[in-house]
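The values are calculated or read from the model by the stated rules, or taken from the named source; none is laboratory data. All figures in this text were calculated on a predicted structure; none of them were measured in a lab. Neighbour counts run over all protein chains shown; Cβ positions are idealised from the backbone, glycine included.
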Amino acid sequence: MVLPKPQHYTARVSAKVPLTNKVWAVTFTLENPQELHFIAGQSMMLHITDGINRSMSIASPPRDIKNILMCHDVSPMGPGSKWTLGLNVGDQVSLVAPLGMFVLDNQSHRKKVMIATGTGIVPFRSMIMDYLAGPATRQNEVVLYWGLRHEEDIYWREEFEALAGKYPNFHFVLTLSKPTETWAGHRGRVTDHLFVEEKNFIDTDFYLCGSKAMVDEVKKALFSRNVPNTQVKQELFF
Ligand SMILES: Cc1cc2nc3c(=O)[nH]c(=O)nc-3n(C[C@H](O)[C@H](O)[C@H](O)COP(=O)(O)OP(=O)(O)OC[C@H]3O[C@@H](n4cnc5c(N)ncnc54)[C@H](O)[C@@H]3O)c2cc1C
């Protein structure tokens, strides 16, 4: 697959909304150049201040070539988090995009299993929206496992549930590791559900995104089940 070449962009913040008390969705409308062509799953590098840049996956699907959605967990409260918190609609930003190779292998006819913790969901939103709306040849089963801690950490749930209702080949498993007693959904970590619900590890491509701790744990468990290295792709956020 040929990946598009990265370029410098200037863009303007056209929307900024909180998704939870620590996650912000920010839309950048591109100004120069005005269009970004990328492959779902790719990321961008945002210029924060002199010598400081932060990587962000692109949450919007590639069909949105003029507006790019970022979804940022600001709980680390380092320079990148403070920059996002301080952004206002109308601010100009500079970025380099598209970057990275965390993209779906659309030539593969294997089932696609995606595993995310926290904002590790971001590249999968773009991939899933793109894959499901794509050509009719894209009929592979897609399963998204998403792990969060508390009920108040949840966002985009209705959106993924609506996609699962519309596309019979898409399944969405949301699990909370520290829910309240009244939570009626899945409990525990993504890994608990993944290794109970998935039966055929050999005919599956795995995509992992989030913390190094989660990615390393899942990879170890997959390799112990003889999943080839070539069927496991990862994006480490921290
Ligand atoms: C390819 C790539 C794509 C990324 N995409 C996204 C994205 O779409 N959304 C997003 O929110 N972040 C994303 N990140 C993480 C992001 O780039 C920053 O690392 C993060 O926002 C912290 O930046 P900071 O300047 O606030 O804190 P820093 O000063 O850089 O980090 C402070 C501390 O927090 C840790 N840390 C970083 N992120 C987290 C986290 N989420 N939870 C807990 N601890 C953390 C760091 O390891 C460090 O110890 C991505 C990272 C990479 C490499």
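One table, with the values for the structure above:
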| read-out | value |
| --- | --- |
| Counted residues, the range 49-64 - those being over 16 Å from the mean Cα position of the chain (by Cα), surrounded by 14 or more Cβ atoms within 10 Å (Cβ to Cβ) and among the aliphatic types (A, V, I, L, M) | 0 |
| Out of Leu104, Leu46, Leu36, sole residue that is under 19 Å from the mean Cα position of the chain (by Cα), buried (at least 19 other Cβ atoms within 10 Å of the Cβ) and near the ligand (Cβ under 10 Å from one of its atoms) | Leu46 |
| Residue check, Leu144 in a strand (DSSP E or B), buried (at least 19 other Cβ atoms within 10 Å of the Cβ), more than 10 Å from the ligand (Cβ to nearest atom) and over 18 Å from the mean Cα position of the chain (by Cα) | no |
| Boolean, Arg138 is over 17 Å from Thr191 (Cβ atoms), within 16 Å of the ligand (Cβ to nearest atom) and not assigned by TED's automatic domain parsing to the domain that holds Asp73 | no |
| Residue in the range 148-159 that is aliphatic (A, V, I, L, M) and either part of a helix (DSSP H, G or I) or within 26 Å of Ile202 (Cα to Cα) (or both) present | no |
| Sole exception among (1) within 12 Å of the ligand (Cβ to nearest atom); (2) assigned to a strand (DSSP E or B) for Val93, by number | (1) |
| Pairs where the first residue, in the range 113-130, is farther than 12 Å from Phe172 by Cα and the second is within 10 Å of the ligand (Cβ to nearest atom) and acidic (Asp, Glu), C-beta under 9 Å, 6+ apart | Gly118/Asp73; Thr119/Asp73; Gly120/Glu235; Pro123/Glu235 |
| Residue ID - nearest to Leu194 (Cα to Cα), chosen from residues in the range 219-238 that are within 16 Å of the ligand (Cβ to nearest atom) and charged (D, E, K, R) | Lys233 |
| Matching residues, the range 49-78, being more than 10 Å from the ligand (Cβ to nearest atom) and outside any loop (DSSP other than H, G, I, E, B) | Thr49, Asn67, Ile68 |
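Yes/no per residue for (1) at pLDDT 95 or above; (2) within 17 Å of Phe38 (Cβ to Cβ); (3) of a type in the set (A, V, I, L, M):
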| site | (1), (2), (3) |
| --- | --- |
| Ser75 | yes, no, no |
| Trp83 | yes, no, no |
| Asn88 | yes, no, no |
| Met114 | yes, no, yes |
| Arg125 | yes, yes, no |
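Conditions tested, residue by residue: (1) among the charged types (D, E, K, R); (2) over 30 Å from Arg149 (Cα atoms).
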position: Val13; (1), (2): no, no
position: Glu31; (1), (2): yes, yes
position: Ser43; (1), (2): no, no
position: Ala97; (1), (2): no, yes
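Residues are listed down the side, and each one gets a yes or a no for (1) basic (Lys, Arg); (2) surrounded by fewer than 21 Cβ atoms within 10 Å (Cβ to Cβ); (3) touching a Cys at 6+ places or on another chain (Cβ under 6 Å):
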{"site": "Phe124", "(1), (2), (3)": "no, no, no"}
{"site": "Gly134", "(1), (2), (3)": "no, yes, no"}
{"site": "Glu151", "(1), (2), (3)": "no, yes, no"}
{"site": "Arg157", "(1), (2), (3)": "yes, yes, no"}
{"site": "Leu174", "(1), (2), (3)": "no, yes, no"}
{"site": "Thr180", "(1), (2), (3)": "no, yes, no"}
{"site": "Arg187", "(1), (2), (3)": "yes, yes, no"}
{"site": "Val215", "(1), (2), (3)": "no, yes, no"}
